[in-house]
Amino acid sequence: MKPLLKRIILYFCWTFGLFRLTRYLNRKKLLILCYHGFEIIDESKFRPKLFIKKKTFHSRLEFIHKKGFHVLSLSEAIDRLKNHSLPNNSVVITIDDGFYSTYSIAKDIIRQYKYPCTIYVTTYYANKQTPILNLADQYIFWKTKETYNMLEYQKIEKSRILSILNEKEIKILEEEGFDIQLHTHRHRFPINDAASAKKEIEDNKAFLEKIVKNRLIHFCYPSGIWDKSHLPYLKSMDIESAVTCVPGFVDDKSNLLLLNRFLDSENISKIEFIAEITGFMDIVRNFIK
Ligand SMILES: [Zn+2]
């Protein structure tokens, strides 16, 4: 469906009170929200599905706050899911990858609302401290129509728009109450290759264990790619939960190693965000399955 048509239909459904009804019907379920990078210069124009503007992110949290959703930490949400004690309309906030902008932009907005938040950090570029190479190449081409441009690269390096948090920033985030968790070392999790997949988690964990004190037991599949063959490795490595990029709510029947999430970004309009958080889109998806 064309985005504009979808938004118009959603707007009418909202006007007729359907979102209020679906929020009530979905009240006992949990929605896990997922963010990636936060715009420092113009990244949301470059990759609108990967980045979000500061103003948009702020308006999302303001909506959650004003409309009385309950934001829980991931650990608390999982515990409450297990003992059937989730408060109505529960939400968990997660951030993938650990872009520098998680520290320079998102941190203060999240703290303003005193919301808990889990950050899944991929550590190869946290260690290397250069911009993420393939993203930098694509950004340079998007900006200049050239495959390589030294001046543009230097700007990317200096602004850190495509860089991952360094050790000091990860430490500060943890000290300020953020939950740092696993996302593989090289942002890949091979299928049907147990040794390489396990090594990705072990390297990721070894890097983060030097910095953070909390238990590293929550995992995010890189690029949301998962396979049933992954589940035994994750169990054997004492991973308690793993999140995918499959949209939808979580309930007490969900597999904790295959948790659904909604990926929010600059690409999502306000009415689409409201349709997701109130469960309207979840009910539509289940209806047309
Ligand atoms: Zn990722």
Looking across segment 88-127 at residues that are surrounded by fewer than 17 Cβ atoms within 10 Å (Cβ to Cβ) and not in a helix (DSSP H, G or I), the single one that is farthest from the ligand (Cβ to nearest atom) is ASN88
Taking segment 1-52 and keeping only residues that are within 16 Å of the ligand (Cβ to nearest atom), surrounded by 15 or more Cβ atoms within 10 Å (Cβ to Cβ) and not in a helix (DSSP H, G or I), one is left with ILE32, LEU33, CYS34, TYR35, HIS36, GLY37, PHE38, ARG47, LEU50, PHE51, ILE52
### Query
Among the residues of segment 223-241, is any within 17 Å of ARG261 (Cβ to Cβ), in contact with a helix residue (DSSP H, G or I) (Cβ under 7 Å, 6 or more places away or on another chain) and part of a strand (DSSP E or B)?
yes
The one condition LEU182 fails out of (1) out of contact with any Ser or Thr (no Cβ under 7 Å at 6 or more places or on another chain); (2) within 16 Å of the ligand (Cβ to nearest atom); (3) over 18 Å from ILE93 (Cβ atoms) is (3)
So, first residue free of Cβ contacts under 8 Å to residues at least 24 places away in the same chain and among the hydrophobic types (A, V, I, L, M, F, W, C) in segment 106-133, second residue assigned to a helix (DSSP H, G or I) and within 16 Å of the ligand (Cβ to nearest atom), Cβ within less than 9 Å, six or more apart or across chains; the pairs are LEU133/TYR125
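FYI, it's all coordinate maths here, none of it is from the lab. Because the structure is a prediction, the values reported are computed rather than measured. As a convention, Cβ positions derive from the backbone with ideal geometry for all residues, glycine included, and neighbour counts pool all protein chains shown.
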